[in-house]
1. How many residues does region 58-77 hold that are within 8 Å of the chain's Cα centre (by Cα) and not in a helix (DSSP H, G or I)?
2. Suppose we keep only residues that are touching a Phe, Trp or Tyr at 6+ places or on another chain (Cβ under 7 Å) and not aromatic (F, W, Y) within region 1-28. Which one would you say is farthest from N81 (Cα to Cα)?
3. Determine which single condition K55 fails, assuming it passes every other condition in (1) in contact (Cβ under 8 Å) with a residue 24 or more places away in the chain; (2) out of contact with any Cys (no Cβ under 6 Å at 6 or more places or on another chain).
4. Can you work out which of the residues in region 65-75 that are of a type in the set (A, V, I, L, M) and touching a residue at least 12 places away in the same chain (Cβ under 8 Å) is farthest from I39 (Cα to Cα)?
5. When region 1-35 is examined, which residues are found to be closer than 21 Å to Q71 by Cβ, modelled with pLDDT of 85 or more and not hydroxyl-bearing (S, T, Y)?
6. If I ask for residues that are surrounded by 11 or more Cβ atoms within 10 Å (Cβ to Cβ) and closer than 15 Å to V8 by Cα, which ones from region 33-42 would you list?
7. Would you tally the residues in region 43-74 being surrounded by 11 or more Cβ atoms within 10 Å (Cβ to Cβ) and of a type in the set (D, E, K, R)?
8. Has region 47-70 got any residue that is in contact with a strand residue (DSSP E or B) (Cβ under 7 Å, 6 or more places away or on another chain), β-branched (V, I, T) and modelled with pLDDT under 90?
Amino acid sequence: MGGYSHTVTLYDAILYEDENGAVCIILVLDYHSKDLRKILDKSDRISINNDHVVKVLYSLLCSLHFLHSAQVIHRDLKPANLLFQKNCSVVTCDFGLARNAPDDTPMRTPTNRDATAAKLEADRPMR
């Protein structure tokens, strides 16, 4: 993955044999010093405003849209796999559990948003 602003960039892949003869691989990726997990752990000491939340959510949705348009399912989204850039946008990492979606899996956004909203409203639990 790489070359897209919402996923980590893969700069190099190095194959080598270890002392036991097993084939190993080293992936050279972007460095990011913070992930969402570290930010949330310090949330009592740092200020997180609505603009930050919107930017993080937007970056996450852009990343998922990119992955799903490529028929890739991440399967391990969690705060530790969302890395922060200096501008507060999020980069998705750790594709170790990612898989290609089966050909018959719909990965597109529904075209009829009104029908989708009506279905979500109908499925909402009554209060």
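The values are calculated or read from the model by the stated rules, or taken from the named source; none is laboratory data. Fair warning: this is a prediction, and the values are worked out from it, not measured in the lab. Don't worry about glycine lacking a Cβ; one is built from the backbone with ideal geometry, like all the others, and counts go over all protein chains shown.
1. Matching residues across region 58-77 total 2.
2. C24
3. If we test K55 against (1) in contact (Cβ under 8 Å) with a residue 24 or more places away in the chain; (2) out of contact with any Cys (no Cβ under 6 Å at 6 or more places or on another chain), just (2) comes out false.
4. Here the residue is V72.
5. Hits for region 1-35 are V8, L10.
6. Matches in region 33-42: K34, D35, L36.
7. Selection size over region 43-74: 1.
8. There is at least one residue in region 47-70 that is in contact with a strand residue (DSSP E or B) (Cβ under 7 Å, 6 or more places away or on another chain), β-branched (V, I, T) and modelled with pLDDT under 90.
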